[in-house]
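Remarks on the structure that follows.
The values are calculated or read from the model by the stated rules, or taken from the named source; none is laboratory data. This one's a predicted model, so the numbers in the text were calculated from it and none came from an experiment. Neighbour counts run over all protein chains shown; Cβ positions are idealised from the backbone, glycine included.
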Amino acid sequence: MLLAFLFSVALRFIWVYQFHGYAPFYHNGQFMINTNDGYYWAEGARDLLRGENLNPQAENFWDRFHQANDLSPTGTAPAQLTALLAKVLPFSFETIIFYMPAFLGSLIVIPILLIGKELKNLELGFIAALIASVTWSYYNRTMAGYYDTDMLNIVLPLFLLWSIMGAVRSNRSIYLFLVAIDILIYRWWYPQSYSLEFAFFGMILLYALLFDRKNPYNYRLLTIMLLAMMNGPGVVRLALVLLLLFLYTKPRFDRYLFHFLAAALLAFLATGGLSPIWYQLENYVFRDRLKAEEEGLGLHFFTVMQTIREAGHIPFETFANRISGHTVTFVLSLFGYLYLLYRHRLMLFSLPMLGLGFLAYSGGLRFTIYAVPILAFGIAYLIVELSRLLPTRRLRLLSLLALTLLVLFPNYRHIERYKVPTVFNADEVAVLEKLGKIAKPQDYVVAWWDYGYPIRYYADVKTLVDGGKHSGAVNFSVSYILTHPQDEAARLARLEVEQTEKTFDFIQKHKEEIEDKNLTVFSTIEQMTTEHGFRNTNDFLDALKSGAIQLPKKNRDIYLYLPYRMLNIYPTVALFSNLDLMTGRQGKEPVFFTSRNFRKVGEQVLLSNNLVFDLKNLTLQIGKKTVPVRRFVITEYNKEGKLHTKVIPGKSEANFTILYLASHQTFLLVDERTFQSTYIQLGLLEKYDPKLFKPVILTPNAKVYQLRI
Ligand code: MG
């Protein structure tokens, strides 16, 4: 176990070695994390460690540790475990969150080896542990810095699988306890674990009914699982589990076997144990009916799914690579797995995990990690069985080694090449920490959702959108603010922030009513539209444009965070507000084209995609067509980071503007609408209206403005 564990951790140090000393990736003398979502858990852990009662009115104990409505996840397991580790270990907070995935993720080798032992085949377990711990997608999601729930999301169900296998094989009481504890911890760590637990439960039920109907142990196992799986506080479920385990030790309670099962089933159903399934059904089957019952404007928002690669279909090769490291390994693993199932029926209980992994083929890349350890068993079994055919012990060992290395090699190559950057660079973090000293925790920072969690972690403020709150409905206003002229943007920012806080208060006050009657809380944009007396969002937005909307009272400060890196995603940002909410029809796509590959030849600049920019006549040649340019803007930062802008006017009626961002070595071609956007005007050119905005921090990497209205 130790050997396999060290191997897994060591390979996770390749990234550390590659970027050792690279200053932009460091903060407080430690590497920063490389997954956006990690900042969510880090925010919760930070608030827990601070340990102040910031919200005495909070109903939930954990919510006292953060400001009301700032969405800090102090009640979640990852935040709590991190805070605990930071408290007891002699390392900095940054060190702990950066290395947690490498060390916790490597724990995967333990249940794999235990399962190997369960199958009385330690070589199988050892080889599978080595392979699974470093295989492509499992590595990607548990590498150093990938601070997210994934670090235990496979470890915990593998422990559960192992204890189920042990339970069914040996019928020993200890496994009843282990199964229950595994479920409790797994649910605590990852509340969505429900579906996998339920699938395991179904497998055991099926097994009991088909092959082992007369064995009381199976019903004990099912009863204890139901108690562990029902809804409600973890302590209550733990207490019930322990009580039942105690009763099981007393033979005089044996005759109540089915009473216990019935009671557990009732408790499971009564606490809404089936409601996740019911909820899914409602969503899929009754969706149309629910839609028709809702009374509202029936707005059509852009869906995030349309822009996230994870959710799309993936090619077979990617799928196979991510699960096994190579297409050939993947196919062989499948054969090995089938053979393993044939020889060791106990492994049938691993089917739910493989099934969940295979959902990735249609449901999104992130599921592939569930199949990694299961197919690692497959290929490891094949290797062990093949080497068995060899005549001498020495040859057998050699073949084990050679074949394992062969399977490991593509994964090692992947790790070596997988040089993911940290989420932010040191300069951006410096801006956010400075902002944190200026802004109060109740203030809002308006920024695209990609930056939500990191902003909240480094600056302890509130955001409108983040890595978990980014539906088309909430993204609409933020997208609108970033991609429209600054006067509209300023007004909408004030309206949206105050409306958001108002909605939080409303939900808080009417919590029970909303739950009981299953009421819909409409989007902020819909609320604003109707509250200002409109039935059409376009009329509301027209009034916003003309300044006819009365702004709410200013209750808090609002800041705009505009990082240079947003340039790469501007067209995506624009999608969310570039549509008619009443019909869902998309607006005309903005012209937005960046070129980092360019060459100056005489008076012409050759941009990528065969665009030629004529500096002398200020024209743009697109294929055979030549169009005039409205203006040519050159920006450059001096050594102190101060921006200098030069504007060369062209044809005033033309639509295109060309920008040369000299310090970033980038040409940018935009239409007039995009040029006038808040992002370009404030974020790139520092052209702000002093009546609306006050610059707070201006650096080449990111700019922060304070709203004046
Ligand atoms: Mg806070």
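Any residue at all in the range 233-253 that is within 21 Å of L196 (Cα to Cα), modelled with pLDDT under 95 and surrounded by fewer than 17 Cβ atoms within 10 Å (Cβ to Cβ)? Within the range 233-253, one or more residues are within 21 Å of L196 (Cα to Cα), modelled with pLDDT under 95 and surrounded by fewer than 17 Cβ atoms within 10 Å (Cβ to Cβ). For the range 693-706, the tally of residues that are surrounded by fewer than 21 Cβ atoms within 10 Å (Cβ to Cβ) and in contact with a strand residue (DSSP E or B) (Cβ under 8 Å, 6 or more places away or on another chain) stands at 8. Annotation: of all residues in the range 422-463 being assigned to a loop (DSSP other than H, G, I, E, B) and touching a Gly at 6+ places or on another chain (Cβ under 8 Å), the one that is nearest to the ligand (Cβ to nearest atom) is D460. Every condition in (1) more than 16 Å from the ligand (Cβ to nearest atom); (2) more than 21 Å from Y453 (Cβ to Cβ); (3) in contact (Cβ under 8 Å) with a residue 12 or more places away in the chain holds for G51 except the one numbered (1). Of the strands (runs of 3 or more DSSP E) lying entirely inside the range 567-685, those containing at least 3 residues that are charged (D, E, K, R) are 625-637. One residue alone among Y99, Y40 is under 20 Å from V423 (Cβ atoms) and within 16 Å of the ligand (Cβ to nearest atom), and that residue is Y40.
Of the residues making up the range 62-78, just one is more than 17 Å from F504 (Cβ to Cβ) and within 13 Å of the ligand (Cβ to nearest atom), namely F65.
Yes or no, residue by residue, for (1) assigned by TED's automatic domain parsing to the domain that holds Y453; (2) part of a loop (DSSP other than H, G, I, E, B); (3) surrounded by 22 or more Cβ atoms within 10 Å (Cβ to Cβ):
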residue	(1), (2), (3)
I33	no, yes, yes
N36	no, yes, no
Y39	no, no, yes
A42	no, no, yes
A45	no, no, yes
L48	no, no, yes
N55	no, yes, no
D63	no, no, no
D70	no, yes, no
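Of the residues making up the range 430-444, those that are out of contact with any Leu (no Cβ under 8 Å at 6 or more places or on another chain) and under 13 Å from V704 (Cβ atoms) are A430, V431, L432, E433, K434, L435, G436, K437, I438, A439, D443. I438 passes every criterion in (1) more than 30 Å from Y337 (Cβ to Cβ); (2) surrounded by fewer than 16 Cβ atoms within 10 Å (Cβ to Cβ); (3) under 22 Å from the mean Cα position of the chain (by Cα) apart from (3). Take the conditions crowded, with 17+ Cβ neighbours inside 10 Å, within 22 Å of F5 (Cβ to Cβ) and more than 16 Å from the ligand (Cβ to nearest atom) and apply them to L89. Does it pass? No, not satisfied. Against the numbered list (1) within 20 Å of A77 (Cα to Cα); (2) free of Cβ contacts under 8 Å to residues at least 24 places away in the same chain; (3) among the basic types (K, R), R187 comes up short only at (2).
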